[in-house]
Amino acid sequence: MIVLVVLALALVSLALAFNAFMEGEEIVAIYLVIIGFIALGLSTYVLMQSRSRAAAMKIETPKTLTTIECKKCGFKNVREFQRGDYVYKDLDKCQKCDDRQIITAIYKEVKEKEKTFPF
Ligand SMILES: [Zn+2]
């Protein structure tokens, strides 16, 4: 919103500068042109800032993983977190030894962020 106001200000001051120039007031015209370009630059700067801030806000939500372990044979399995998972929850029988598997850990996957530069 502020950007639009500043942009409007820039256009108005440039229009006024043109008017002043036509009326022979060259010094006033020059000042108005300067103001116009400063406002124009400011609005583009704010626009760029807000765009980069929007990009920074877009953070990837890390995946939640559940580690399932068989206490008897040590068979370990990692899968995506499912609703209702909790640590020490009994699960289906182990694929290897038929003993019950339990959830031993629930954690968020931490991904090493790739460093990308916009320029
Ligand atoms: Zn087992």
| Qualifying residues in the stretch 37-77 (those that are more than 16 Å from the ligand (Cβ to nearest atom), modelled with pLDDT of 90 or more and of a type outside the set (Val, Ile, Thr)) - the one surrounded by the fewest Cβ atoms within 10 Å (Cβ to Cβ) | Gly41
| said: Any residue that is polar (S, T, N, Q) and touching a residue at least 12 places away in the same chain (Cβ under 8 Å) - is there at least one of those in the stretch 19-35? | reply: no
| Which ones in the stretch 78-97 are outside any loop (DSSP other than H, G, I, E, B) and more than 10 Å from the ligand (Cβ to nearest atom)? | Val78, Arg79, Glu80, Asp90, Leu91, Asp92
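The values are calculated or read from the model by the stated rules, or taken from the named source; none is laboratory data. Worth saying up front: this structure is predicted, and the values here are computed from it rather than measured. For neighbour counting, all protein chains shown are included, and Cβ atoms are generated from backbone atoms with ideal geometry for every residue, glycine included.
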